[in-house]
């Protein structure tokens, strides 16, 4: 499990709509074990929020925590990798969304990419592309890397 010392417990967030959204999103999956705790990792109000969700037991014997991304972008979960930080998780999120955008724009098989809860149209792909570009240009570069904090 990763250290949570730099993150704020989601229960302590004022106006925690994103925390509620993240919790509801991850609990919508039948494989989701009971949640032990949630931590706010980073975000910009009304745009994106990144949480670490810690579970009481491993998911199907493997992962005991996941990153969850919510906001004015499609919700998604990602595995917490060794030595991970929120910037790396958000970049992997962008890569997942890039794959969906490419599949939509080229009319490829969407079952081979992370499922996005949006109608697979070029218009939606372009809207998502602009949000991903914003994350990459304005948010990810400003996230203090965990290795720089210690």
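The values are calculated or read from the model by the stated rules, or taken from the named source; none is laboratory data. All of these numbers come straight from a predicted model, not from anything done at the bench. Cβ: placed from backbone, ideal geometry, glycine included. Neighbour counts: every protein chain shown.
Considering (1) closer than 17 Å to residue 128 by Cα; (2) at pLDDT 95 or above; (3) in contact with a helix residue (DSSP H, G or I) (Cβ under 7 Å, 6 or more places away or on another chain), say which one residue 92 fails and leave the rest. Of everything listed in (1) closer than 17 Å to residue 128 by Cα; (2) at pLDDT 95 or above; (3) in contact with a helix residue (DSSP H, G or I) (Cβ under 7 Å, 6 or more places away or on another chain), residue 92 misses just condition (3). Report, by residue number, each residue of the stretch 79-91 that is within 16 Å of residue 43 (Cβ to Cβ) and under 11 Å from the mean Cα position of the chain (by Cα). Within the stretch 79-91, 86, 87, 88, 89, 90, 91 meet the criteria.
Could you check the stretch 24-74 for strands (runs of 3 or more DSSP E) lying wholly inside it with 3 or more residues that are under 11 Å from the mean Cα position of the chain (by Cα), touching a residue at least 60 places away in the same chain (Cβ under 8 Å) and closer than 21 Å to residue 143 by Cβ? First the steps, then the outcome.
Numbers: elements: 35-44, 48-59, 63-71.
Where strands (runs of 3 or more DSSP E) fall fully within the stretch 24-74, none carries at least 3 residues being under 11 Å from the mean Cα position of the chain (by Cα), touching a residue at least 60 places away in the same chain (Cβ under 8 Å) and closer than 21 Å to residue 143 by Cβ.
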